[in-house]
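Read through the structure below, which is laid out as structure tokens, and then see the notes.
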Amino acid sequence: MPSPVVTVLLSGAVVGHVAVTVTTLNVLYGHGWIPRWALKGVRVLHDLWILAGTPWLAWLIYRSSLLATGDWSSLRPILLAYLVCCAAIGWFVVPAVMIARAMRRLPEAQLSNHGRVIDMAKRLGRRPIGRGPHRLMARWPWNEQFQLEVLERTYRLPRVPAEWDGLSILHLSDLHFTGTIGFEYFEQVIHEANALDCDLVAVTGDLIDRPSCHEWVPQLLGRLTSRLGTYAVLGNHDSWRDHDRIRRDLANVGFRMLGGRWELLDVKGQPLVIAGTEAPWMGRLPNL
């Protein structure tokens, strides 16, 4: 029977092990340090390290005398060091991050933060499942793929010209067209976006995940409306596809592409600079 101390440390090590693995993947994906073909290998290693590495670590611990005697020296030094690090992360870092997020206050400039969830499957009377990959997973119960979350935030910015009081910006991002979630779902997304009646539209990439969905870009995003214009940059997923075609398709339906550049708008007689970047995956920072 393992001692309570051993049990506590090992349970924390499991949480830390998962946190370290997931965080490492997110950092590698988010900084563009390695090419996509290598990222695919990293993703496979990530999945194996969580799914197979966890029971393998448990087996190594079981074969040692730690559980029976509490003798930590029975573990190999490298395994012991990894478990201690993971336990510290699992018992201290992860809870600290969760508490900090739970206690985080709204920024002083933010007056409100309202959200609502729309169940598109309920609205359409069926789950809008297409013919893309993972469509069988989309049929799993308790699936939230077809729920759209709409967040509305209001800010008071004293240094912004008074003429802009009530100015609204629609931010639409990470649509990830694969065909798994059907075209009709995204039609409803665009409908909801237009219903917000915003002054300016900003689309910030990760649109295409399958070449067969290229036509969706002009067909769907071309329906977005605004008073001050529609602007876009692309993301890392787009950089792995035909990003020149995506830019061209967006431009053909009226989008101003801001990858590495800026534009000056006149909004109610006051100058507004809008800038964008697709770094680190493509291009450079805008020269301001």
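The values are calculated or read from the model by the stated rules, or taken from the named source; none is laboratory data. Treat the numbers as computed from the prediction; the structure is a model and nothing was measured. Methodologically, a virtual Cβ is constructed for each residue, glycine included, from the backbone with ideal geometry; neighbour enumeration extends over all protein chains shown. The accessibility values were calculated without ligands, DNA or RNA, using every heavy atom of the protein model including side chains. Shrake-Rupley method; radii C 1.70, N 1.55, O 1.52, S 1.80 Å.
Taking Ser239 as the residue in question, decide whether it is small (Gly, Ala, Ser) and surrounded by fewer than 17 Cβ atoms within 10 Å (Cβ to Cβ). Spell out how you get there, then give the answer.
On the way: small (Gly, Ala, Ser): yes; surrounded by fewer than 17 Cβ atoms within 10 Å (Cβ to Cβ): no.
No.
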**Request:** Go through Leu272, Leu175 for me and flag whichever is in a loop (DSSP other than H, G, I, E, B) and either modelled with pLDDT of 95 or more or under 30 Å from Pro35 (Cα atoms) (or both).
**Result:** Leu175
**Request:** Output yes when any residue across the range 96-112 is in contact with a helix residue (DSSP H, G or I) (Cβ under 6 Å, 6 or more places away or on another chain) and in a helix (DSSP H, G or I), and no when none is.
**Result:** no
**Asked** Hey, does the range 12-29 have a residue that's part of a loop (DSSP other than H, G, I, E, B) and either in contact with a Pro (Cβ under 7 Å, 6 or more places away or on another chain) or without any contact (Cβ under 8 Å) to a residue 24 or more places away in the chain (or both)?
**Response** no
**Asked** List pairs: first in the range 157-168 and over 19 Å from Glu108 (Cβ atoms), second open to solvent by less than 70 Å² (accessible area, probe 1.4 Å) and hydrophobic (A, V, I, L, M, F, W, C), Cβ under 6 Å, 6+ apart or cross-chain?
**Response** Ser168/Cys198
**Item:** Residue count for the range 53-66, restricted to those that are open to solvent by less than 50 Å² (accessible area, probe 1.4 Å) and either in contact with a His (Cβ under 8 Å, 6 or more places away or on another chain) or not β-branched (Val, Ile, Thr) (or both)
**Value:** 6
**Item:** Output for the range 239-273, where each listed residue is more than 13 Å from Thr204 (Cα to Cα) and among the aliphatic types (A, V, I, L, M)
**Value:** Ala251, Val253, Leu264, Leu265, Val267, Leu272, Val273
**Complete:** Flagged in the range 242-266 as open to solvent by 60 Å² or more (accessible area, probe 1.4 Å), at pLDDT 95 or above and within 17 Å of Arg36 (Cβ to Cβ), in numbering order, are Asp244
**Message:** One residue is enough: does the range 85-92 have a residue meeting the conditions without any contact (Cβ under 8 Å) to a residue 12 or more places away in the chain and exposed (fewer than 12 other Cβ atoms within 10 Å of the Cβ)?
**Reply:** no
**Request:** Return the residue satisfying two criteria in turn: it lies in the range 119-153 and is of a type in the set (A, V, I, L, M) and within 19 Å of the chain's Cα centre (by Cα), and of such residues it is most open to solvent (accessible area, probe 1.4 Å).
**Result:** Leu151
**Prompt:** Which one of the conditions (1) of a type in the set (Val, Ile, Thr); (2) loosely packed, with under 12 Cβ neighbours inside 10 Å; (3) in contact (Cβ under 8 Å) with a residue 40 or more places away in the chain does Val44 fail to meet, given that it meets all the rest?
**Reply:** (3)
**Request:** Filter the range 154-171 down to residues that are surrounded by fewer than 18 Cβ atoms within 10 Å (Cβ to Cβ) and closer than 23 Å to Leu234 by Cβ and give me whichever is nearest to the chain's Cα centre (by Cα).
**Result:** His171
**Request:** Six or more apart or on different chains, Cβ under 8 Å: which pairs go from a residue in the range 127-144 that's on the phi > 0 side of the Ramachandran plot to one that's assigned to a loop (DSSP other than H, G, I, E, B)? Could you list them?
**Result:** His134/Thr178; His134/Thr180
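Take the residues in the range 168-193 that are small (Gly, Ala, Ser) and out of contact with any Gly (no Cβ under 8 Å at 6 or more places or on another chain), then tell me which one is farthest from Leu220 (Cα to Cα).
By that ranking, first place goes to Ser168.
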**Where Gly205 falls short, out of the listed (1) open to solvent by 40 Å² or more (accessible area, probe 1.4 Å); (2) touching a Ser or Thr at 6+ places or on another chain (Cβ under 8 Å); (3) at pLDDT below 95** = (1)
**Message:** Can you pull out every residue in the range 43-78 that is aliphatic (A, V, I, L, M), in contact with a helix residue (DSSP H, G or I) (Cβ under 6 Å, 6 or more places away or on another chain) and at pLDDT 85 or above?
**Reply:** Ile50
